[in-house]
Amino acid sequence: MTQAKTALIIGASRGLGLGLVQQLHADGWQVTASVRSQAGVEALQALPGVKIEQLDINDGAQVSALQQRLQGQVFDLLFINAGVSGPAHQSVEQATIEEIGQLFFTNAIAPIRLAQRFAPQVKSASGVLAFMSSVLGSVAIPEGNNMALYKASKAALNSMTNSFVCELEDSGLTVLSLHPGWVKTDMGGEGAPLDVQTSCKGLVEQINKQAGQGGHRFIDYQGTSIPW
Ligand code: NAP
């Protein structure tokens, strides 16, 4: 009997993070899922065998505590999904230092800090470290200007990920910057064309396909390459 694959999913209380846990669980993976608060645990508790951890990705002490608790565990997949859309106005004119700090720290700094801490706990030759990016993070695609602040935060995430990958040298790890499609979630809204299940099924398919290939790619849930 082959051993179940293992995943650590960061930001799994709802939306795409929860969808990823549900998909991996259905596929027989052994999943550890983090939530920021108790508000997010019920749906995860309904999945037998899923281990639930608490983590606000912006809290350095909580990151250290999680690292302690997971010491010695090695994962096939680390998926850093948590993210925020920033202030509803999305306006450079109106933006405050607090709003920009919160947005860029959550979307671009905290994910890289987590990746730096947990990369040694992802299988180097066959493992995947995935970041939830967005097509809006592409500076080559002039779409989404009504989400200008969010768009810039995901471009910053992509840039930080490129720098992070350079530091990995020849570890063999596969790093993915993933676009889930435009998905019906609290963030994506009711008008989005895709449901969580379709997106997450596609994302997991891409992870399975890319595992073992090494390098860093920016692709969507169907495997289509996105220009940086
Ligand atoms: P969502 O429903 O708003 O869920 C966001 C998730 O991130 C929640 O689980 C939330 O936890 C978590 N989170 C936010 N800040 C956190 C923090 N400081 N620490 C820990 N967890 C935190 O949004 P979604 O649509 O599922 O988005 C998930 C990811 O996909 C995000 O990175 C988003 O930018 C990206 N994305 C989404 C779409 C789309 O169309 N939906 C498209 C492209 C990219 P709480 O429940 O505690 O708030």
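In table form, for the structure just shown:
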read-out: Cα-projected label distance for Leu47 with Asn208, points at 7 Å along beta-carbon direction, nm; value: 1.5
read-out: Cα gyration tensor category, rounded, prolate or oblate, for the chain with a/c compared to 1.5; value: rounded
read-out: Protection proxy ranking of 76-82, 198-204 - average other beta-carbon atoms within 10 Å, highest first; value: 76-82, 198-204
read-out: Rounded accessible area per residue of the chain, 1.4 Å, Å²; value: 48
read-out: Among 51-64, 19-32, 126-139, the order from most to least packed when residues are scored by Cβ within 10 Å on average; value: 126-139, 19-32, 51-64
read-out: Given charges at beta-carbon only (K, R positive; D, E negative), |dipole| of segment 1-122 in Debye; value: 380
read-out: Over 22 Å between alpha carbons, listed pairs Lys151/Lys201; Lys51/Lys151; Lys154/Lys184; value: Lys151/Lys201; Lys51/Lys151
read-out: Portion, in percent, of the accessible area of the chain that falls on carbon or sulfur, probe 1.4 Å; value: 52
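The values are calculated or read from the model by the stated rules, or taken from the named source; none is laboratory data. As the structure is a computational prediction, the values presented were derived from the model and not from experiment. Virtual Cβ from ideal backbone geometry, glycine too; neighbours counted across all protein chains shown. Side chains are part of the model used for accessible areas, which takes the heavy atoms of the whole protein and leaves out ligands, DNA and RNA. Shrake-Rupley method; radii C 1.70, N 1.55, O 1.52, S 1.80 Å.
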